[in-house]
Amino acid sequence: MKLSKTDRYNFIQLVAFSILLFFLSCNSYLDGENIAIYTLNYNHGLMENALIGTFYQCMVSLLGLDLKSYVTLQIFNMVFNVIYFLLLMNLFRQVVLRAGDLEDKSKYLVLVIASIVLVSNFGLHKNFGSVDLYLAIITLICLELLMKDKMTWLVLPLAVLAQFIYSGYIIMYFLVLLATMIYLSYKRHGKYKNLILISCATVFSTMIVLHILTGMTESGSMLLDSATAGQAMLDAIMNSAQDASRLNGPAEIRPDIYGGIVWGGDLWITKKHIIEVFIALVLFAPFIKLAMDFIKNLKSKMDKEEARFFRVFSVIAIIMMPRALLHSGTGRIIFLLLFYACVILLIALAEGQQSLDRTIVEMTAYFADKKIYGIFLLVYMIMLLPTWGTSINWMTGHIANLINTLFLHIW
């Protein structure tokens, strides 16, 4: 299928807007914590977060580039950011092609919002080079296969690969895949039921096997050797940076980078996360109100079977939320929830979900009557996003630090 002349023109504008968003937020600086992941490898045995580092070091060595150069690492990550961007644009293109019954202004309003939410996240220095970039890329590839119903057998090995990259994948981006397969199974009369069961069982088994193997092979001396070798490479990369003052994060490879993360992390980080959540509820209040109205309107148009699937999607989203109290940060989980909501919304549009189409048309009509308010909300959304890592965004981080300095003195 090809885009019509009108859609081609509108889609080019959407891509241009997305590129502008990316460059507004992208500064291509890496945090020390993200750099540390690329210094680990499997030379000293199986360990957490070492697959990306092993792949990076093998690729750079094959290309004959300087392994300990900060610029090399920047270029490597920019390549994968471009891949992520292209996969997103392809997903948007699928929506434009398949949601033909939806009027253009409604369709492109949704895509503009999705672009603001999804495009610029991994360009920000807090997320540039993070493990989540690779998890999101693999997930988007799997979604493409599912939507086109081609080579769906690849979804399983790709999901297992993502599980090897990061052990928390099963309760993060894999849940996006799970929800998509459940929805497509409903829309396409159970076609993906076997794939759902096999994928869940295989990824869960992979998680258990990985934990057992890492527990058996990670002796204290092997971890110490790996951390020592990684620290030397980390120091070399940071020293090669032209502006070392922009490299925030740990000066050393912490145990939680190559080992497990405990629930809650440091207590002060958990307290900071809780404080930022309350601040975010105030800052995001207009969008929370709109989302609640949208969901209420959507549910009123659903039949019983659609409502049952909506409850399933809500439960899946709730499963992701406890990770907000982990050391990994609230910003990370909020982006995951936004990613989940946007992807499910876009796939439902592409599948011609009538109740969703009618709700979006009504939302578009509402903003057509309040253009100034709508433009304000879009600008305000751009100001609030992208999300950060430990902090939710720059506003919540600064406000929480100010409150702590003046009153709390927790960190």
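Brief remarks on what is shown
- Region 392-410: number of residues that are assigned to a loop (DSSP other than H, G, I, E, B), farther than 18 Å from G331 by Cα and open to solvent by less than 80 Å² (accessible area, probe 1.4 Å): 1
- Test: N41 is in contact with a helix residue (DSSP H, G or I) (Cβ under 7 Å, 6 or more places away or on another chain), surrounded by 13 or more Cβ atoms within 10 Å (Cβ to Cβ) and modelled with pLDDT of 80 or more: yes
- Restricting L91, L46, L67 to residues that are within 30 Å of L146 (Cα to Cα), surrounded by 15 or more Cβ atoms within 10 Å (Cβ to Cβ) and in contact with a helix residue (DSSP H, G or I) (Cβ under 8 Å, 6 or more places away or on another chain) narrows the list to L91.
- Hits in region 124-150 (condition: in contact with a Ser or Thr (Cβ under 7 Å, 6 or more places away or on another chain), open to solvent by 10 Å² or more (accessible area, probe 1.4 Å) and not in a helix (DSSP H, G or I)): L124
- Subset tally (residues that are open to solvent by 30 Å² or more (accessible area, probe 1.4 Å) and not aliphatic (A, V, I, L, M)) for region 94-123: 6
- Residue check for A365: open to solvent by less than 10 Å² (accessible area, probe 1.4 Å), at pLDDT 90 or above and touching a helix residue (DSSP H, G or I) at 6+ places or on another chain (Cβ under 9 Å): no
- Screening the candidates I253, I237 for the property of being under 26 Å from L40 (Cβ atoms), assigned to a loop (DSSP other than H, G, I, E, B), modelled with pLDDT of 60 or more and open to solvent by less than 40 Å² (accessible area, probe 1.4 Å) yields one hit, I253.
- Just one of the listed residues (L3, L20) is part of a loop (DSSP other than H, G, I, E, B) and either touching an Asp or Glu at 6+ places or on another chain (Cβ under 6 Å) or more than 30 Å from D235 (Cα to Cα) (or both), namely L3.
- Within region 352-391, tally of residues that are farther than 25 Å from L283 by Cβ and in a loop (DSSP other than H, G, I, E, B): 2
The values are calculated or read from the model by the stated rules, or taken from the named source; none is laboratory data. Everything numeric in this text was worked out from a predicted model, so none of it was measured. Note: ideal-geometry Cβ built from the backbone for every residue, glycine included; neighbour counts use all protein chains shown. Keep in mind that these areas ignore ligands, DNA and RNA; they rest on the heavy atoms of the full protein, side chains included. Shrake-Rupley method; radii C 1.70, N 1.55, O 1.52, S 1.80 Å.
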